[in-house]
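Asks: Below: one structure in structure tokens.
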Amino acid sequence: MIRFKFITAAFASLITLAVDDVRAERASSLINPAAVDHIRAIQAAIFDENWYDAECLADEFERAEPNSPTHHILRAAAIQAESFSDEEKSAERRFKTQIELAGALLDKRLESCSRADSAVAYFFMGHCHSLGAIWASKYGSFISALRLGLKARNRYSKGLKLDSGFIDLHTGLGTYRYWKSVKAGILKWTGIFKNEKDTGIAQVRLAAERSLFSRDAAKSLLIWILINEKNYSEAADLSRELCQTYPHGKTFLWPLAECYSKMKLYPLAIDTYLDLRARLLPDPGNHINLIRVDFEISRLAEKIDDRATIRLIAAGFDEYYRDTPLSTQRLLHGKYFALGRL
């Protein structure tokens, strides 16, 4: 389930629109009122894992503003989110094509746009590199992910230099600073990377509270930061809030279940994983996430000697284990054979 955590990171630093009317006049042509409406609708579809609607809305956005890079970025975010949700990388070419198209339009935009529009352009350029870095971290190489992460940081930093009041830029920059600091290892101690963990957390919190259109995105990123910091109570609160806001998807059930498990609220954790399981069963795909969920349920049920739930999971595994692809069996061999022993 560790890899699945980055489903949110794959698109979450991109968008969540709670537009503040007081600051609306800051909006550049890249985030005009019509664009805001389109972004809000696509964002909701992504977080609710309604992939078809997200694609249709992106197509509608493209027809309305064919020269805008934003619909390409949103489509890339939707493709990545679906790919990560399904643990399947077959859409890699489509994803990279959307990133390339957005990048070309953003480069052209920067040739003649206003200062405010330039800050927003760098914001979206940062997202292009962030999405690429997250894809590379899951399906590519560490070196590629690091290179793209550094590019994203540079773009966000340029945007802040142009417009320090554009709070949304803190979403991506703060996320980079936090995870760079906690994952840097020896690079941090040798001075190659500075420890900017606290700065990163503060930036993501600022974006969650005050950004123009990235508040829920920042909250989504903050959830995994809080879990990494072992602040499970606040992470659970944010997860429940976003589950209520986006009730049809699985995105925020994963961290909520993990929080309950870490807090030793085992019945609540089991119920949350069972909710996830019910949403996975109609389309289990390559069974990766179904096996992960069933393993977690069985592990937690054993802690409280919940024999009925263990029997339920054992019976469910008997129904699908023969259909599990060999690649999944190899990837999750420990969990797969543990479920077979129930």
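Here, each number is a calculation from the coordinates, and none is a lab measurement. Computed from a predicted model, the values in this text were never measured in an experiment. Cβ atoms come from the backbone with ideal geometry, glycine included; neighbour counts cover every protein chain shown.
Asks: Can you give me the distance in nm between label points at Y321 and K264, each placed 7 Å from the Cα along the Cα-to-Cβ direction?
Replies: Spacing of the two 7 Å Cα→Cβ label points: 3.2 nm.
Asks: With r as the distance between the Cβ atoms of A314 and N32 and R0 = 41 Å, compute the FRET efficiency 1/(1 + (r/R0)^6) and round to 0.05.
Replies: Numbers: r = 55 Å, r/R0 = 1.35.
Plugging the Cβ-Cβ distance into 1/(1 + (r/R0)^6) gives 0.15.
Asks: In the calculated pair distance distribution of the chain, what percentage of Cα-Cα distances lie above 32 Å?
Replies: Values: 17702 of 58311 pairs.
The proportion of pairs with Cα distances above 32 Å equals 30 percent.
Asks: Return the sequence-ordered ³J(HN,Hα) values of the stretch 246-258 in whole Hz as given by the Karplus equation 6.51 cos²θ - 1.76 cosθ + 1.60 applied to θ = phi - 60°, using x for Gly and Pro.
Replies: 3J(HN,Hα) across the stretch 246-258, in whole Hz: 10, x, 9, x, 9, 3, 9, 6, 4, x, 5, 4, 5.
Asks: Further, regarding this structure: Which lysines, if any, have their Cα less than 19 Å from the Cα of K180, not counting same-chain residues under 8 positions apart?
Replies: Partners found: K5, K138, K151, K158, K188, K194, K197, K219, K230.
Asks: Moving to a separate point now. Between E302 and D107, what is the label-to-label distance in nm when each label sits 7 Å out along the Cα-to-Cβ direction?
Replies: So the two model labels end up 5.4 nm from each other.
Asks: Same structure, new question: Around S214, which amide H atoms from residues at least 5 apart in sequence, or from another chain, sit under 5 Å from its own amide H, with H modelled in the peptide plane?
Replies: T16, A18
Asks: Separate question: HN-Hα J couplings of the stretch 97-103 from phi, Karplus 6.51/-1.76/1.60, θ = phi - 60°, integer Hz, Gly and Pro as x?
Replies: Result, ordered by residue: 4, 5, 5, 5, 5, 5, x Hz.
Asks: Apply the Karplus curve 6.51 cos²θ - 1.76 cosθ + 1.60, θ = phi - 60°, to the phi angles in the stretch 231-242 and return the couplings in whole Hz, x for Gly and Pro.
Replies: My calculation for the stretch 231-242 gives 9, 6, 5, 5, 4, 5, 4, 5, 5, 5, 4, 6 Hz in order.
Asks: May I ask you to order 102-109, 200-207, 279-286 by the average number of other C-beta atoms within 10 Å around their residues, highest value first? Could you put the intermediate results ahead of the total?
Replies: On the way: 102-109: 18.1, 200-207: 21.4, 279-286: 13.6.
Ranked from most to least packed, the peptides come out as 200-207, 102-109, 279-286.
Asks: Between R115 and R330, what FRET efficiency follows from the Cβ-Cβ distance if R0 is 56 Å, with the result rounded to 0.05?
Replies: Working: r = 53 Å, r/R0 = 0.95.
For R0 = 56 Å, the calculated efficiency reads 0.60.
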